[in-house]
Amino acid sequence: MKTVPLYIGGEFIESQTEQWIDVTDPATNEVIARAPCTTDAEMRRAIDHAGEVFKTWKETPVSERARVMMRYQALLKEHHDEIAEILSKETGKTFDDAKGDVWRGIEVVEHAANIPSLMMGETVENVAREVDTYSYIQPLGVCAGITPFNFPAMIPLWMFPMAIACGNTFILKPSEQDPLTPTRLAELFEEAGAPKGVLQVVHGGKEQVDILLTDPAIKAVSFVGSVPVGRYIYETGTKNMKRVQSFAGAKNHMVILPDADKQQVVNALVGASVGAAGQRCMAISVAVFVGEAQEWIPDVKAALAAVKPGAWNDKGASYGPVISPQAKKRVESLIAQGEAEGANLLLDGRGCEVPGLPDGNWVGPTLFSGVKPEMEIYKEEIFGPVLACMEVDTFGDAIELVNNSPYGNGTSLYTSSGGAARRYQHEIEVGQVGINVPIPVPLPFFSFTGWKGSFYGDQHAYGKQAVRFYTETKTITARWFAKDAIAETNFSIRMR
Ligand code: NAD
């Protein structure tokens, strides 16, 4: 059985642990590899190496650090299909979706290649007579990242390229459910010329994460994952005096006004709700139909009914299986709960079968209408191909509903009214807003700005905020006694 290596001090090594976690293909549940629960001694080595290499990496000129990112971007593009295939096999994502996962990571690497201008400080001359003040942006030290299963290329690439371009060293603890993609990312990073030991990759679960959260050598922790773990990471990391950014779960609403284009609404809802089997933190899981727009629910049902899950390399499949049998069980039990609570189950994805793959974690497209805010299917992040439709009378009711949600990752509005769009983007208490765009994930020159219960911390991922997160600002106030200094030299007469 293939084992997933640790990447410590620039070497890909087999862990000495006795505890291993099965990595499975979600379309068959066959075990395709085993990931180690990194031992305490191996964790120590990873942290110590990262600390040692930081001393030299932080002195590496910023343009050299940028060039590593340029070469890395080119290599990731060259290996795009190959990485996507690894990713498809361990997540079940369709090949096109897997390519998108890798591509959005590549875009962050491109952004990290701009690091010289992103790290410019500020200057003011003559803050007092002959006194200037200027600031430098300097790296923090050893940073760590803990990533979820649902984007095993994009989310590690949100983190380590930006942190390392800033001059830090990094320890990545990817999801134990799909560690093969991050391992390939690390191999290519070294091939791109990243010095050995700048990036370490360790594997495991809570025990390994706890070491990263408490070890005093680690200065900053980036986390992406579910709400309970995200809260725990933020509380524990900050209690241990670390800088923490913690991206957590979501429940994203699309508000549909009757003046929107019906076909655009239907197409957007299908892709944004069940795409990637609904396992996206920016998936649309709630559609809020305002007034007569609710007459379009049968059209949404017809479009969703035509969508089929299937294997990663099945060109006719719109999405793949959910990640594990436990995830499937949870999604199916939430569907049952929605039905029991009185929502109208218009499409039931339970018991879904895909020919030739009887053991996969399949869930068919599922649609509810008549969903109310007190129902579990509204309150819980289902993380499956399930869309909940809600009906409200007015635009104001829709805004109030969205603003009452404890989450604030993403939302979208479908309308042909500029005034309505302007009102929505201004009043809505959500960090990423799409106007006639279903999944408004900002490109990396902006930042990924979830709000409320979807994010704990202040500086967000990528963009300028990532540079602030991974650096300290040093502000220097300097006075040079120009005339006195000149008077001491032999050139004093000429200088005058
Ligand atoms: P998860 O919280 O189960 O796991 C995330 C990471 O935390 C993994 O590396 C895991 O090993 C580790 N972990 C798990 N339990 C832990 C514990 N008790 N203590 C310490 N570490 C622990 O999340 P997941 O199921 O892998 O990912 C799906 C979740 O991630 C969803 O809730 C989704 O919304 C969220 N997500 C959020 C964003 C965002 O930007 N807000 C992006 C992607 C995914």
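Filtered by the rule that a residue be more than 21 Å from MET119 (Cβ to Cβ) and among the acidic types (Asp, Glu), the range 408-467 gives GLU427, GLU429. Checking the conditions here, which among ALA98, ALA163, ALA144, ALA128 is more than 25 Å from ILE21 (Cβ to Cβ) and buried (at least 24 other Cβ atoms within 10 Å of the Cβ)? Just a single option satisfies the conditions, and that option is ALA163.
Every residue, every condition in (1) under 27 Å from the mean Cα position of the chain (by Cα); (2) in contact (Cβ under 8 Å) with a residue 60 or more places away in the chain; (3) under 20 Å from ALA293 (Cα atoms), yes or no:
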site	(1), (2), (3)
GLU341	no, no, no
ASN344	no, no, yes
LEU347	no, no, yes
ARG350	no, no, no
THR394	no, yes, yes
LEU401	yes, yes, yes
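Hey, among the residues in the range 292-312 that are touching a strand residue (DSSP E or B) at 6+ places or on another chain (Cβ under 8 Å) and in a helix (DSSP H, G or I), which one's nearest to the ligand (Cβ to nearest atom)? Ranking the qualifying residues of the range 292-312, first place goes to LEU304. For the range 145-176, residues that are part of a loop (DSSP other than H, G, I, E, B) and more than 10 Å from the ligand (Cβ to nearest atom) total 4. Only one of the listed residues (VAL221, VAL229) is more than 30 Å from PRO385 (Cβ to Cβ) and either modelled with pLDDT of 95 or more or out of contact with any Leu (no Cβ under 6 Å at 6 or more places or on another chain) (or both). That residue is VAL221. Entry remark, the range 202-242: residues being within 7 Å of the ligand (Cβ to nearest atom) and of a type in the set (Val, Ile, Thr) number 5 in total.
I need the helices (runs of 4 or more DSSP H) fully contained in the range 1-105, keeping only those with at least 3 residues that are farther than 30 Å from LYS328 by Cα and small (Gly, Ala, Ser).
Counting at least 3 such residues, we get 40-57, 62-78.
All of (1) touching a Pro at 6+ places or on another chain (Cβ under 9 Å); (2) assigned by TED's automatic domain parsing to the domain that holds PHE170 hold for ALA272 with one exception: (2).
Does the range 281-293 contain any residue that is at pLDDT 95 or above, touching a Ser or Thr at 6+ places or on another chain (Cβ under 9 Å) and surrounded by fewer than 21 Cβ atoms within 10 Å (Cβ to Cβ)? Taking every residue of the range 281-293 in turn, at least one turns out to be at pLDDT 95 or above, touching a Ser or Thr at 6+ places or on another chain (Cβ under 9 Å) and surrounded by fewer than 21 Cβ atoms within 10 Å (Cβ to Cβ). Each residue in the range 403-435 was checked for being more than 28 Å from MET159 (Cα to Cα), in a loop (DSSP other than H, G, I, E, B) and open to solvent by 60 Å² or more (accessible area, probe 1.4 Å), and 1 pass.
Regarding ASP132, is this residue assigned to a helix (DSSP H, G or I), in contact (Cβ under 8 Å) with a residue 12 or more places away in the chain and not basic (Lys, Arg)? I'd like the intermediate steps shown before the answer.
Details: assigned to a helix (DSSP H, G or I): no; in contact (Cβ under 8 Å) with a residue 12 or more places away in the chain: yes; not basic (Lys, Arg): yes.
No.
Whenever a residue of the range 190-208 is in the same structural domain as ILE13 (by TED's automatic domain parsing), its partners that are part of a loop (DSSP other than H, G, I, E, B) and open to solvent by 10 Å² or more (accessible area, probe 1.4 Å), lying with C-beta atoms within less than 6 angstrom and at least six residues away or across chains, give the pairs GLY197/GLY9; GLY204/CYS37; GLY205/GLU176. Checking SER333, SER324 one by one, the residue that is open to solvent by 10 Å² or more (accessible area, probe 1.4 Å) and in contact with a Pro (Cβ under 7 Å, 6 or more places away or on another chain) is SER324 and no other.
Residues in the range 184-218 that are open to solvent by less than 10 Å² (accessible area, probe 1.4 Å) and more than 20 Å from GLY141 (Cα to Cα): LEU185, LEU188, ALA192, HIS203, GLY204. Against the definition (assigned by TED's automatic domain parsing to the domain that holds LYS379 and outside any loop (DSSP other than H, G, I, E, B)), how does ARG468 come out, yes or no? No; evaluated as a whole, the condition is false for this residue.
Would you point out which residue out of LYS329, LYS372, LYS315 is more than 26 Å from TYR407 (Cα to Cα) and either away from the ligand (no atom under 16 Å from the Cβ) or more than 24 Å from the chain's Cα centre (by Cα) (or both)? So the residue among LYS329, LYS372, LYS315 that is more than 26 Å from TYR407 (Cα to Cα) and either away from the ligand (no atom under 16 Å from the Cβ) or more than 24 Å from the chain's Cα centre (by Cα) (or both) is LYS315.
The values are calculated or read from the model by the stated rules, or taken from the named source; none is laboratory data. Owing to the predicted nature of the structure, the values given are computational and were not obtained by experimental measurement. Reconstructed Cβ throughout: ideal geometry from the backbone, glycine too, with neighbour counts over all protein chains shown. Ligands, DNA and RNA are excluded from the accessible area calculation, which covers all protein heavy atoms including side chains. Shrake-Rupley method; radii C 1.70, N 1.55, O 1.52, S 1.80 Å.
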